[in-house]
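The values are calculated or read from the model by the stated rules, or taken from the named source; none is laboratory data. As the structure is a computational prediction, the values presented were derived from the model and not from experiment. Cβ placement follows ideal geometry from the backbone for every residue including glycine, while neighbour counts extend to all protein chains displayed.
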Amino acid sequence: MKIAEMPAIASAFREIKSRAEAHWRELWDSGQPVIMISTATCGRAAGALEVLQTLRGEVKKQNLNCPVIEVGCMGHCYAEPMVIIYKPGYPAICYAHVNPVIAERLVKEFILGDDPCLEFVFGALEENDLVPSLADFPRANYEKKVILKNCGQIDPTEIDHYLANGGYASLAKALQVPAEEIVDEVRRSELRGRGGAGFPTGQKWEICRQAPGKPKYAICNGDEGDPGAFMDRAIMESDPHSVIEGMIIAGYAIGARYGYIYVRAEYPLAVERVQVALRQARKLNLLGKSILDSDFSFDIRLFQGSGAFVCGEETALIASLEGKPGIPYHRPPYPAVKGLYGKPTLFNNVKTLAYIRHIINHGAEWFASIGTERSKGTAVFALAGKVVNTGLAEVPMGTTLRQVIFDVGSGIPGGKRFKAVQIGGPSGGCLPESALDLPIDFDSLSDAGAMMGSGGMVVLDEDDCMVEISRYFLEFTQRESCGKCTPCRLGTKQMLEALDDIVLGQGRIEYLNTLSELAEEVKAGSLCGLGKTAPNPVLTTLRYFRDEYEAHIKEGRCPALMCRELIAYYILPEKCERSCDACVGTCTVEAITPDKKRIKVIDQEKCVKCGTCLDACPPQYNAVIKLSPPSEVPK
Amino acid sequence: MTELAPQETKQILKKFSRKRGNLIPILQKVQGRLGYLPREAMLEIAEFLNIPDIDVYSVVTFYNQFRLTPPGRHSIRVCLGTACHMKGGYITLDAWKRRLAIGRGETTPDREFDLDTVACVGCCTMAPVTVVDDKPQGKVEPTKVDGILLAFEWERGKKTKEGQ
């Protein structure tokens, strides 16, 4: 890419950047320690706000001058709340599972004193002689952070932090290059859309650029509706400017005048942080009229979704932006040609846009050198479920499922056995152990019946029932179906009823064939991605875990001991300890009472099967067990 | 509340232009103020945007976020995302139902609590999650449900005492 230097743009940007750098340096040159705390939604759920309050309170109480900064999510969600302390003379040290008590000690003993409280250390951010660094973690061998690099390292509400770390340099560079060259650069990088479908981004930009009609729109699809996925949330909360920068570049490349960032209503913090970021960008003339004194004008508005999964589908999203119910319509014409208000509209996922600045900055060849033959770059996964290191992971395309789950995620907790991984949300499928060595890219998983999708990965172990999980997904898609196409509206309902019967132990063996047949019909007869992929979880579980379906139907037994109608809790009299009353006290419905010998007995009539007693029974006794079918309980 | 609805709605409408595309943002603002969308407010909005009343109603009933009945003082949202479900979110939901003696989408008779589910709030690593008054709380199992309710009760007791 050859830059024909445009002095006005270059100098406007230099001025903004040098002011930001001065501000950033002020933070570090004062000689004060700096405390950073992750307060993204995952941190907040773990209690980060209380820790933040304690840190601020303690710093004030001790008359210290050190700044306490809120940052985003580093991806180690299992270790939240996380605090990073930068103290001159020490490496930057990261602390995990911080609670208000530990926070107080950190301030008193490390900031005020000189004891880095090694017992709470998670890892250092850089190599040093004092504590192991995050780079020494086994997962570091597999991870390659591109779009997650800033996450957890900068304050997402401070545009200066972003600017000082190379932010908006790609925009300044792009504005000095003809738009068609930007499109060409993205095309040559072979970036494919990260929303799930994997359509080549450069090609989409080219189509939209060529399409007649004005004004054109650029839309960032942040309607991350897949339950179990939170990559886009983390990026919008931790590094919102990277998405905005990518979007402005996209707008410039296709000649758009307006943009929308569509964020789910369930992500209030992402909404807030994107809102703040937009305001800051506008103030510095990185957004709005004549951006950086160029002749390109582009403005972005944030649009809050209202809780409809189907709005992740681009045509439904358009309907929603136009103030209508989110019901998809037929394509073609594709939105790139005829979209919002009938004008050419470019749709890109949050992650896709976050890659743009890196491609412009490092060049297409750099990006294309990462990943596999047909899928370039890195992939971001949200690891959740029965895995030790839940959180975010960014790895090069082509990494195998086994590496992601066992090396990055450190495997299954509690010594349990891996059963399946649910990948791609309600549109994806459940893959068994035998598929673990498949490299993950856009195309590799489709033969196995799943898809990479947007990157949600839920790990399931031996305690998870595969019939129940497919029922769960179908219940979700059935409820979220907009109702336009009959096969989707009624087919998913019929399938759900069959699955409901099976988990209640009332299924019949011919249901299994009915399910497969209906699945094919729903797929064939639906207009949008929701219906086309809704049966995937059922199809993959039928393919790989048919024996579980059969056990439910033929024996009334749930092999994973999960389906509540098919199990019973039972206290083994020979193991129950007479002096212990742990289960009696925790039972939420008072269904457990001691008998004459003080052996505890569960009243099966009262029991709601919540499992609290099983958790409460001390491990040295381990007297509570689950039995299936319930008739196994001795009378 | 319903008597005030038209005025409150009018206040909010002043900040918007009469474009159909503003319908959802308007509904969100009005619900943010009133807590729900009473009929009077919807009629006001339809008139403002010059669209049939039924169009407003169809949008309100299509999206999960909008509610037609007044909320409770405290909102309880049980997350039923994949991870939460597999870690027992449905058991947590049952516990809430049992303790509050109401079903999904209902409000307690004393208007203290309303109970609903949410598709996924994106803190799957803290599963099972319940969002209590906009604050996501991690690892909410049946015993923690009792704990949260106890905390509210204690809070209320303290306030009554102060009031006396």
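Annotation: of all residues in segment A:157-175 being touching an Asp or Glu at 6+ places or on another chain (Cβ under 6 Å) and of a type outside the set (Phe, Trp, Tyr), the one that is surrounded by the most Cβ atoms within 10 Å (Cβ to Cβ) is A:171.
Scanning segment A:338-391 for residues that are in a loop (DSSP other than H, G, I, E, B) and free of Cβ contacts under 8 Å to residues at least 60 places away in the same chain gives A:369, A:373. Looking only at residues of segment A:316-338 that are surrounded by 22 or more Cβ atoms within 10 Å (Cβ to Cβ) and more than 13 Å from chain B (Cβ to nearest Cβ), we find that the one that is nearest to residue A:256 (Cα to Cα) is A:336. Among the conditions (1) surrounded by 19 or more Cβ atoms within 10 Å (Cβ to Cβ); (2) within 10 Å of chain A (Cβ to nearest Cβ); (3) under 28 Å from residue A:78 (Cα atoms), the only one that residue B:134 does not satisfy is (1). With a requirement of 2 or more residues that are over 30 Å from residue A:370 (Cα atoms) and in contact with a Pro (Cβ under 7 Å, 6 or more places away or on another chain), the strands (runs of 3 or more DSSP E) lying completely within segment A:68-156 that satisfy it span A:83-86.
Looking at B:27, B:68, B:43, just one residue is at pLDDT 95 or above and more than 14 Å from residue B:6 (Cβ to Cβ), and that residue is B:27.
Taken together, A:608, A:584 contain a single residue that is of a type in the set (A, V, I, L, M, F, W, C), within 12 Å of another protein chain (Cβ to nearest Cβ), touching a Lys or Arg at 6+ places or on another chain (Cβ under 9 Å) and surrounded by 15 or more Cβ atoms within 10 Å (Cβ to Cβ), which is A:608. Criterion applied to B:72, B:157 was being more than 25 Å from residue A:476 (Cβ to Cβ), away from every other protein chain (no Cβ under 13 Å) and crowded, with 18+ Cβ neighbours inside 10 Å, and the one residue passing it is B:72.
Just checking, does segment A:509-530 include any residue being under 30 Å from residue A:609 (Cβ atoms), in contact with a Phe, Trp or Tyr (Cβ under 9 Å, 6 or more places away or on another chain) and free of Cβ contacts under 8 Å to residues at least 12 places away in the same chain? Among the residues of segment A:509-530, not one is under 30 Å from residue A:609 (Cβ atoms), in contact with a Phe, Trp or Tyr (Cβ under 9 Å, 6 or more places away or on another chain) and free of Cβ contacts under 8 Å to residues at least 12 places away in the same chain, which makes the answer no. Taken over segment A:532-565, the residue count meeting the criterion of being hydrophobic (A, V, I, L, M, F, W, C), surrounded by fewer than 24 Cβ atoms within 10 Å (Cβ to Cβ) and part of a helix (DSSP H, G or I) is 4.
Here segment A:407-465 is the region considered, the condition is being at positive phi and under 21 Å from the mean Cα position of the chain (by Cα), and the residue that is modelled with the lowest pLDDT is A:453.
Residues that are within 14 Å of another protein chain (Cβ to nearest Cβ) and farther than 22 Å from residue A:235 by Cβ: does segment A:87-107 have at least one? Yes, segment A:87-107 has at least one match. If only residues of segment A:14-47 that are among the polar types (S, T, N, Q) and without any contact (Cβ under 8 Å) to a residue 60 or more places away in the chain are counted, the one that is surrounded by the most Cβ atoms within 10 Å (Cβ to Cβ) is A:39. In segment B:78-92, the condition of being more than 10 Å from chain A (Cβ to nearest Cβ), in contact (Cβ under 8 Å) with a residue 40 or more places away in the chain and within 18 Å of the chain's Cα centre (by Cα) is met by at least one residue. Of the residues making up segment A:241-268, just one is modelled with pLDDT of 95 or more and under 15 Å from the mean Cα position of the chain (by Cα), namely A:263. All but one of (1) within 14 Å of chain B (Cβ to nearest Cβ); (2) outside any helix (DSSP H, G or I) hold for residue A:42, so report the exception by its number. Every listed condition holds for residue A:42 apart from (2).
The listed residues are A:104, A:50, and the only one of them that is touching a residue at least 24 places away in the same chain (Cβ under 8 Å), more than 25 Å from residue A:143 (Cβ to Cβ) and touching an Asp or Glu at 6+ places or on another chain (Cβ under 7 Å) turns out to be A:104.
Does residue A:308 qualify as being closer than 19 Å to residue A:199 by Cα, crowded, with 24+ Cβ neighbours inside 10 Å and within 11 Å of another protein chain (Cβ to nearest Cβ)? So residue A:308 fails the test. Restricting attention to segment B:56-69 and to residues that are facing another protein chain (nearest Cβ under 9 Å) and touching a Pro at 6+ places or on another chain (Cβ under 9 Å), the residue that is surrounded by the most Cβ atoms within 10 Å (Cβ to Cβ) turns out to be B:59. Residues in segment B:137-151 include at least one that is away from every other protein chain (no Cβ under 12 Å) and under 19 Å from the mean Cα position of the chain (by Cα).
Within segment B:75-107, the set of residues being part of a loop (DSSP other than H, G, I, E, B) and surrounded by fewer than 17 Cβ atoms within 10 Å (Cβ to Cβ) comprises B:101, B:103, B:104, B:105. Scanning segment B:99-126 for residues that are facing chain A (nearest Cβ under 7 Å) and either touching a helix residue (DSSP H, G or I) at 6+ places or on another chain (Cβ under 9 Å) or modelled with pLDDT of 95 or more (or both) gives B:119, B:120, B:121, B:122, B:123, B:124, B:125, B:126. Does residue A:242 satisfy the criteria of being polar (S, T, N, Q) and either within 14 Å of chain B (Cβ to nearest Cβ) or touching an Asp or Glu at 6+ places or on another chain (Cβ under 7 Å) (or both)? Against the criterion (polar (S, T, N, Q) and either within 14 Å of chain B (Cβ to nearest Cβ) or touching an Asp or Glu at 6+ places or on another chain (Cβ under 7 Å) (or both)), residue A:242 does not qualify. Restricting segment A:190-241 to residues that are of a type in the set (Val, Ile, Thr) and in contact with a helix residue (DSSP H, G or I) (Cβ under 6 Å, 6 or more places away or on another chain), the residue that is surrounded by the most Cβ atoms within 10 Å (Cβ to Cβ) is A:235.
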